[in-house]
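Scroll down for the structure; my scribbles are underneath it.
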Amino acid sequence: MVTEKAKNTAKSSASEDETRVQEQILAAMKKSQEATLKIVSAWSESVAKIAPKLPEMPKLPFIDALPKPEEVSDKFFSFAQELLATEHEFVKRLLDALPGHDTPSE
C-alpha cells in the first residue's frame, strides 16, 4: 500500500518536473525571440543606410486606410486571450462533467 507521504512526494516531484519543463520552454522562446530581434534590427539598420539612395516608391492608393501593424497585433492578441480564456473555462466545465472528478485520487 502506498503511503500518503509517498503520494505527496510523487505529486511534488511531478509538479517540479512540470515547472522545470515549462521554464525551459519559456527560456528557449525568449532566447529565440532575442535572436530574431537582433537579426531584424541588423537588417533594418542595413536597409536604413541604403534607403536614401533608392528611387522614391509610388504611393499606394488607400494605404492610409489600412490598420497599423500595432493595431493588427493588438487585435490578434486580444482575440487570442479571449479564445484561451474560453477554452480554459470549457476544460474546467468538461472536467466537472466527468464522473469522480470531485473525489480524491488514491
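The values are calculated or read from the model by the stated rules, or taken from the named source; none is laboratory data. This one's a predicted model, so the numbers in the text were calculated from it and none came from an experiment. Reconstructed Cβ throughout: ideal geometry from the backbone, glycine too, with neighbour counts over all protein chains shown.
Right, Lys31: out of contact with any Gly (no Cβ under 7 Å at 6 or more places or on another chain), among the charged types (D, E, K, R) and surrounded by 10 or more Cβ atoms within 10 Å (Cβ to Cβ) or not? Give the derivation first.
Details: out of contact with any Gly (no Cβ under 7 Å at 6 or more places or on another chain): yes; among the charged types (D, E, K, R): yes; surrounded by 10 or more Cβ atoms within 10 Å (Cβ to Cβ): yes.
When the stated conditions are applied, Lys31 passes them.
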**Prompt:** Which members of region 1-49 meet the condition of being modelled with pLDDT under 90 and of a type in the set (Val, Ile, Thr)?
**Reply:** Val2, Thr3, Thr9
**Message:** Name the single residue that is farthest from Asn8 (Cα to Cα) among those in region 51-106 being surrounded by 10 or more Cβ atoms within 10 Å (Cβ to Cβ) and among the small types (Gly, Ala, Ser).
**Reply:** Ser73
**Request:** Return the total of residues in region 34-70 being assigned to a loop (DSSP other than H, G, I, E, B) and aromatic (Phe, Trp, Tyr).
**Result:** 1
